[in-house]
Amino acid sequence: MRKLLLLLALCVAGLAAAANAEPRYTVVKIDLRRERLELFLRDDSGAPFKRLDRLEAWLAARNRQLVFAMNAGMYHADFSPVGLLVQEGREVAPLSLAAGAGNFFLKPNGVFLVSDAGPRVVESSEYAALPKDSVRLATQSGPLLRRGVVHPAFIPDSDSRKIRNGVGVSGHTAIFVISEQPVNFHEFALYFRDVLHCRDALYLDGTVSALHSPALGRSDFTRELGPILGVAVP
């Protein structure tokens, strides 16, 4: 299987810190020079996948194995993305710079994208200036860690704690993180910045956060999902 399990650098972080109750996280690092990341939302009939096992079965019927997946961002009641979604160079949903209530609209929010130059996390307002012909996939969410600056809305001692997931970038590597216990936004941002040394990272979701990884013997069942980021192989 192309030794894929070695190419997906998987680790559970923070185990040694359990004695002093520091948060624990699972981290999946994907080198996009060697692995192809994709965005999934609907099957051939137009029905949303909603669950990781349904996506896994759909790919298996096409002789492909899902070796990594994570929910990719926030979505409406019909499972369509709240903001920008680009699949294989095609814009499925437009960029949203609107104001509103909820985590997505905590400005600055951002876009995780993969282009010919590799993975990036940019502020949503910066996306319009990028050359779109080179963007292969993109998903918009929020809030955001940008250039190492913690979002001003993040409160260190906030009691808003959830299982959260997000994505950061380092060179050609996309770094996916899911917390193994409820954390607040500030703790989550500091883990990306101070432990993983990601200056740019994007919060994807909480409560519905889910990870699929056969290498970890894990495929989370949670509330139904919208867009899904994944790696599938022949």
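The values are calculated or read from the model by the stated rules, or taken from the named source; none is laboratory data. From a predicted model like this one, the values you see are computed outputs, not experimental measurements. Reconstructed Cβ throughout: ideal geometry from the backbone, glycine too, with neighbour counts over all protein chains shown. Quick note on the areas: whole protein, heavy atoms, side chains included, nothing else; ligands and nucleic acids left out. Shrake-Rupley method; radii C 1.70, N 1.55, O 1.52, S 1.80 Å.
Could you tell me whether residue 47 is under 24 Å from residue 214 (Cα atoms) and without any contact (Cβ under 8 Å) to a residue 12 or more places away in the chain? No. Filtering 219, 141 for residues that are touching a helix residue (DSSP H, G or I) at 6+ places or on another chain (Cβ under 7 Å), in contact (Cβ under 8 Å) with a residue 60 or more places away in the chain, open to solvent by 30 Å² or more (accessible area, probe 1.4 Å) and not β-branched (Val, Ile, Thr) leaves a single hit, 219. Residue 136 meets each of the listed conditions (1) within 27 Å of residue 31 (Cβ to Cβ); (2) open to solvent by 60 Å² or more (accessible area, probe 1.4 Å); (3) touching a residue at least 24 places away in the same chain (Cβ under 8 Å) apart from (2). Within the range 203-233, take every residue that is closer than 17 Å to residue 161 by Cα and assigned to a strand (DSSP E or B) and give me the one that is nearest to the chain's Cα centre (by Cα). Restricting to residues being closer than 17 Å to residue 161 by Cα and assigned to a strand (DSSP E or B), the top hit is 204. Within the range 167-180, not a single residue is among the hydroxyl-bearing types (Ser, Thr, Tyr), in contact (Cβ under 8 Å) with a residue 40 or more places away in the chain and closer than 18 Å to residue 227 by Cβ.
Every condition in (1) touching a residue at least 12 places away in the same chain (Cβ under 8 Å); (2) farther than 29 Å from residue 91 by Cα; (3) more than 17 Å from the chain's Cα centre (by Cα) is met by residue 152 except one, and the failing one is (1).
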